[in-house]
Amino acid sequence: METQLNSSPTSVDTDFNFWQHWYPIAPIEDLDPQRPTPITLLGQHLVVWQPLQSDQYLVFQDQCPHRLAPLSEGRIDEQTGHLMCSYHGWQFDQEGLCTHYSPS
Ligand code: FES
């Protein structure tokens, strides 16, 4: 079989958009469904979490909209199954909607 070893592209595709592609983020074995996992992809801080009663992992920005704390430091609430921020207890469902907040 003949292999071309020293081939290189003669031009660079400058239209490549990193934001319009899928990326593997972690082996499933490395994720704990009972706690949020922080990851960084393309310089973005993200959190991977799995709602209770779901078999799908979700990826959100790792930033609480309240005071910008990392959601990866929170937990999955045992009653609602939502992602809970550890700072003031705001909770977010699988759509990212805030389902519980305290006015502080
Ligand atoms: S910073 Fe997340 S609830 Fe306040």
For this session: Report in % the part of the accessible area of the chain that belongs to carbon and sulfur, leaving out ligands and nucleic acids; probe 1.4 Å.
Result: 50
For this session: Let me have the relative contact order for the chain, percent, based on Cα pairs under 8 Å that are six or more residues apart.
Result: 16
Problem set entry | Val59, Val47, ranked by accessible area, largest first (probe 1.4 Å) | Val59, Val47
Problem set entry | Accessible area per residue in Å² at 1.4 Å probe, computed on the chain | 79
Problem set entry | Cα gyration tensor shape for segment 64-104, rounded if a/c is under 1.5, else prolate or oblate | rounded
Exercise. Rounded to the nearest 10 Å², what accessible area does His100 show when all protein chains are kept and the probe is 1.4 Å?
Worked result: 90
Exercise. Classify segment 27-100: rounded, prolate or oblate, from the alpha-carbon gyration tensor (a ≥ b ≥ c, eigenvalue square roots; a/c under 1.5 rounded; otherwise prolate if a/b is larger than b/c)?
Worked result: oblate
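The values are calculated or read from the model by the stated rules, or taken from the named source; none is laboratory data. Computed from a predicted model, the values in this text were never measured in an experiment. The protein model used for the area step is the full one, side chains on, heavy atoms only, and it has no ligands, DNA or RNA in it. Shrake-Rupley method; radii C 1.70, N 1.55, O 1.52, S 1.80 Å.
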